[in-house]
Structure formats: C-alpha cells, structure tokens
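The values are calculated or read from the model by the stated rules, or taken from the named source; none is laboratory data. Remember, predicted model here, so these are calculated numbers, not experimental data. Backbone-built Cβ (ideal geometry, glycine too); neighbour counts: all protein chains shown. The accessibility values were calculated without ligands, DNA or RNA, using every heavy atom of the protein model including side chains. Shrake-Rupley method; radii C 1.70, N 1.55, O 1.52, S 1.80 Å.
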Amino acid sequence: MKTVIIKLKEGEIISHQEVPVNCIININSSFVDISNHLHKDDLGALVKFEHNKTISILNLTDVTPYILLFFDNELCFKGASYSLNKERASYMLQTEYKTILFIKYPNNLRLNNIEKLSYE
C-alpha cells in the first residue's frame, strides 16, 4: 500500500489529505485497458503515462466505481471524471493529462478544493 497526498485549499485555509492507493503504475503506451491494472477491491492507483503522444486512451469498461483526478506536468489539479458504469456498457476516455489518480467512489474528497498532488 502506498499513500499520495492531495493539497486542498478552501478560502485561505490550506490542508492536506492522505489518500491510500494500491500502486503507482507507469505506462508507456497511449492506449491502456485499465482493468488489467486496477482490480475491483483496489482502493485506488496512481497512473503515470510515460509515452510522448499528445492523447492517452483509457478503456474503463470494467473499472468501477472510481473517480479519476487529472493532473498536469506540475501535478496541479485540472479536472475529474467518474467511472461508475452502472449500465455495464463500454466506456472509454481520452485525455491529454499524463498523471491520473483513481480513487474509490464514494469518498469524502471535496473536488472543488483540490489544488495539487504529491507522492514519493
């Protein structure tokens, strides 16, 4: 088990929240089937794309229920998406971001307050 730290800011108050993840995954492909890396009972994972393509394509069909948090090269928060797949349909996502944090849904993380990610 590993821990990543999310910096949060609400008004003038800055705090940090530790988030447990099962693994940090380095991927050198622009297409990845995330279900090969993240399993149903995993708390989460940090995925780092190492290829030099502009876009990464993620197959999230069997990856549920997770929130995906996207971070830029400086690990600043850029956005979020959900992988809930309640209908059991095919689900793919394209992104330009190379660092994606998968965390179990539901959780107590306030998305509007996320600023930055750090990990070792």
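First compute the accessible area of the chain with a 1.4 Å probe, then give the percent of it belonging to carbon and sulfur atoms. With neighbouring chains kept in place, the figure for the chain is 46 percent. Would you list, by chain and number, the lysines whose Cα falls below 21 Å from the Cα of Lys53, excluding same-chain residues fewer than 8 positions away? Of all the lysines, those that pass the test against Lys53 - Cα under 21 Å, at least 8 places apart if same chain - are Lys78, Lys98. Where does the charge balance sit around Gly79 when Lys and Arg score +1, Asp and Glu -1, over other residues with C-beta under 12 Å from its C-beta? Cβ neighbours under 12 Å give a net charge of -1.
Check cross-link reach from Lys40 to the aspartates and glutamates: straight Cα distance under 15 Å, and skip same-chain residues fewer than eight apart. Here the aspartates and glutamates satisfying the reach criterion relative to Lys40 are Asp62. Report the percentage of all Cα-Cα pairs in the chain whose separation exceeds 23 Å, rounded to a whole percent. The proportion of pairs with Cα distances above 23 Å equals 25 percent. Charge tally around Thr61: other residues with Cβ under 10 Å, Lys/Arg +1 each, Asp/Glu -1 each, net -1. Rolling a 1.4 Å probe over the heavy atoms of the protein chains gives the range 42-120 an accessible area of 55 Å² per residue.
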